[in-house]
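Below is one structure, written out as structure tokens; comments come after it.
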Amino acid sequence: MNAPESITPESILKSTFGFDAFRPGQAGVISALMGGEHVLAVMPTGAGKSLCYQVPALLLDGVTVVVSPLVALMDNQVAGLRANGVDVACIHSGQSREENVAQWRRVAGGQACLLYLSPERLMTPRMQSAMRALSPAMFVIDEAHCVSKWGPAFRPEYAQLSDLKSAFPQARIAAFTATADAATREDIARQLFGGRGQIIVQGFDRPNLSLAIAPKTDRKKQLLEFMESVRGQSGIVYALSRKNTEEFAAALSAAGHKTLPYHAGLDSALRFETQERFMAEEGLVIVATIAFGMGIDKPDIRFVYHTNLPGSLEAYYQEIGRAGRDGAPARTAMCYGLDDVALRRRFITQEASEADHQIREIRRLDALLSYCEASTCRRQVMLAYFGESAPPCGNCDNCESPPEMVDATEPLRTVLRAITETGSRFGQAHIIAVARGADTQRIKQFGHEALPAYGAAKALSQRYLQALIRQALASGHLDMEIERFGALTLTEKGRAVASGQAGFECKAIQMKSPAKRMARAQKKAAQQSALSERDNALLSALKARRMELARAMGKPAYIIFSDATLIDMASKRPATREEMLDVSGVGEVKFERFGVVFLEVIRAEP
């Protein structure tokens with residue numbers, strides 16, 4: 001029997017969790033589950049996925065079993081529920097046998113309405129037999145993208161969860177993830193409930209996150225420059241290896257940042273202590289491998305920085321999604337180079353998996369590369385990958401400082417000739433050496449100094465050609481064959497350029513570190529950090545209104561007012577036309593078009 005009619009999802013939300021209203025998307029998921037349907041919910045990080053199953057769990061007759069991949073993730077959610085007075089049980093390897101037995105007895109005795117388990121423990125024959133005696137009302141699969149072989153984060157232990165629908169036909173199955181493309185979503189739904197259920201996609205947009213990408217010049221120097229613009233703020237720096245994690249953490253500490261490293265090679269007790277400190281302390285920076293992040297629910301992470309290319313756009317979206325969960329502005333940035341691309345492709349081809357899976361992963365990596373080399377709004381590119389559309393955001397580096405597009409047909413043709421004349425057998429380092437007319441032993445070994453392409457690009461620097469090749473890879477004019485040690489080959493589009501049937505336009509290639517852009521970002525961050533907590537709240541409201549107007553107009557947000565203007569507006573809090581015209585960046589025309597709207601926002605804020 002379900003809860004009495006007087007007890008509703010809304011009353012549970014208020015009485016147990018203390019919220020007056022559901023966030024967008026939550027009520028629809030809860031309604032479907034309360035109606036007995038299976039649901040796959042794709043909701044952005046910070047959208048409140050947990051409440052979507054915790055509220056029904058308190059209303060349904062029977063235990064709700066939550067399948068979670070990490071002990072830390074379970075412990076955090078259990079602690080939060082218990083703090084709200086919910087009787088919840090948790091069984092995992094981090095507890096003694098006696099404690100696990102006591103937890104199970106609370107479930108079997110009907111006291112606990114929720115039970116958290118790992119997928120491995122749930123699918124053991126002994127646990128399955130015990131579960132059948134309880135007749136669970138609902139199974140919840142957290143981090144559901146791990147179920148699908150089509151996804152980039154497949155975990156074999158999750159594959160067994162497809163048996164739940166036949167073993168417990170009376171139970172609802174609710175699956176949640178923050179990131180899954182269309183093919184992955186369909187596969188998750190098919191695996192978990194035979195496609196007979198709802199797929200609810202709330203959306204992927206996180207407008208409070210700024211997005212920026214820079215080509216690699218000097219990783220450590222670039223990281224230190226970025227960190228000056230976020231000094232004193234909490235954030236995560238992702239590095240690819242344990243060695244880099246330790247090295248970058250030491251460099252940041254030496255530069256005066258409160259920093260700790262985190263990777264799987266550290267003692268488990270130290271990792272736990274580091275995670276606890278990060279959750280509790282302000283201004284702490286964690287330099288980590290991807291071992292850190294899942295289950296981290298710290299609302300005030302103000303930045304996420306990647307020192308290397310992640311594995312896919314899904315992985316990148318999930319990792320940057322740990323920033324700005326409180327809805328306030330947060331920054332994301334990444335630097336990457338061609339060595340990252342080669343390394344990621346090598347990871348994929350060396351993985352013991354089926355050929356079609358490797359092809360899918362290569363294509364995912366290609367999509368991330370296209371995002372990194374995009375000349376248009378980055379948010380548009382990212383959302384398009386997940387099947388959504390949006391106007392230019394005004395909150396990414398390409399919107400704030402649109403890249404200059406130039407004709408690079410002839411430089412690319414010199415590279416294409418070098419690739420073709422050397423037999424499409426060599427990686428970018430050798431191709432660049434041939435094109436620039438370098439005197440290397442490898443060139444002499446193959447007689448490539450006699451080729452017509454030898455020295456044809458000697459007027460172009462190595463860094464320029466590296467950037468050109470990177471953009472050609474992103475645009476699909478070139479391919480990289482990792483099984484042949486990163487050999488560059490021409491695609492159909494590349495052959496069209498080489499034959500003179502097509503041209504090639506790319507972003508103007510900067511040969512120096514983008515110091516002006518970094519200085520601008522530092523100035524903007526300094527201005528914002530000078531605002532009071534009250535003024536920052538107003539700034540968030542002004543940005544939200546700007547985004548609404550921009551979307552309605554189909555224009556970039558900066559066309560309305562720049563961030564610098566909104567920061568000055570939040571600081572001065574103008575109340576009249578004259579005072580608004582005193583704000584930097586507000587002229588007569590801008591005031592006539594938008595001034596009254598923003599004055600209303602200011603008046604509405606306390």
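The values are calculated or read from the model by the stated rules, or taken from the named source; none is laboratory data. Since this is a predicted model, take the numbers as computed values, not measurements. Please note: Cβ atoms are built from the backbone with ideal geometry, for glycine as well, and neighbour counts cover all protein chains shown.
Checking the condition of a type in the set (A, V, I, L, M, F, W, C), crowded, with 18+ Cβ neighbours inside 10 Å and farther than 16 Å from Ala408 by Cβ, which residue from Ala453, Ala435 passes?
Step by step, each of Ala453, Ala435 is checked, and only Ala453 is of a type in the set (A, V, I, L, M, F, W, C), crowded, with 18+ Cβ neighbours inside 10 Å and farther than 16 Å from Ala408 by Cβ.
Checking the condition under 27 Å from Pro44 (Cβ atoms) and surrounded by fewer than 21 Cβ atoms within 10 Å (Cβ to Cβ), which residue from Gln170, Gln202, Gln160, Gln191 passes? Before you say what the answer is, go through the steps one by one.
Details: Gln170 fails: under 27 Å from Pro44 (Cβ atoms); Gln160 fails: under 27 Å from Pro44 (Cβ atoms); Gln191 fails: surrounded by fewer than 21 Cβ atoms within 10 Å (Cβ to Cβ).
Exactly one residue qualifies, and that residue is Gln202.
Does region 370-386 contain any residue that is modelled with pLDDT under 90, among the acidic types (Asp, Glu) and closer than 27 Å to Glu505 by Cα?
Yes, the conditions are met somewhere in region 370-386.
Would you say Arg442 is assigned to a loop (DSSP other than H, G, I, E, B), touching a residue at least 12 places away in the same chain (Cβ under 8 Å) and among the charged types (D, E, K, R)?
no
Do you know which residues across region 376-410 are farther than 30 Å from Ala498 by Cβ, surrounded by fewer than 16 Cβ atoms within 10 Å (Cβ to Cβ) and out of contact with any Phe, Trp or Tyr (no Cβ under 7 Å at 6 or more places or on another chain)?
Those that are farther than 30 Å from Ala498 by Cβ, surrounded by fewer than 16 Cβ atoms within 10 Å (Cβ to Cβ) and out of contact with any Phe, Trp or Tyr (no Cβ under 7 Å at 6 or more places or on another chain): Gly387, Ser389, Ser401.
Could you list, in sequence order, the residues of region 383-408 that are part of a loop (DSSP other than H, G, I, E, B), under 19 Å from the mean Cα position of the chain (by Cα) and of a type in the set (A, V, I, L, M, F, W, C)?
Scanning region 383-408 gives Phe386, Ala390, Cys393.
Only one of these is crowded, with 19+ Cβ neighbours inside 10 Å and either farther than 25 Å from Gln160 by Cα or not assigned by TED's automatic domain parsing to the domain that holds Gly324 (or both): Ala27, Ala32. Name it. Walk me through how you get there before you give the answer.
Details: Ala27 fails: crowded, with 19+ Cβ neighbours inside 10 Å.
Checking each option against the conditions leaves just Ala32.
Does region 418-440 hold any residues that are of a type in the set (S, T, N, Q), under 38 Å from the mean Cα position of the chain (by Cα) and more than 19 Å from Asp339 (Cβ to Cβ), and which are they?
Once the filter is applied, which keeps residues that are of a type in the set (S, T, N, Q), under 38 Å from the mean Cα position of the chain (by Cα) and more than 19 Å from Asp339 (Cβ to Cβ), region 418-440 yields Thr420, Ser424.
What is the number of the single condition among (1) surrounded by 15 or more Cβ atoms within 10 Å (Cβ to Cβ); (2) at pLDDT 85 or above; (3) out of contact with any Asp or Glu (no Cβ under 8 Å at 6 or more places or on another chain); (4) not hydroxyl-bearing (Ser, Thr, Tyr) that Val583 does not meet?
Condition not satisfied by Val583: (3).
Checking Ala496 against (1) surrounded by fewer than 22 Cβ atoms within 10 Å (Cβ to Cβ); (2) at pLDDT below 85; (3) assigned to a helix (DSSP H, G or I); (4) of a type in the set (Gly, Ala, Ser), which test does it fail?
Of everything listed in (1) surrounded by fewer than 22 Cβ atoms within 10 Å (Cβ to Cβ); (2) at pLDDT below 85; (3) assigned to a helix (DSSP H, G or I); (4) of a type in the set (Gly, Ala, Ser), Ala496 misses just condition (2).
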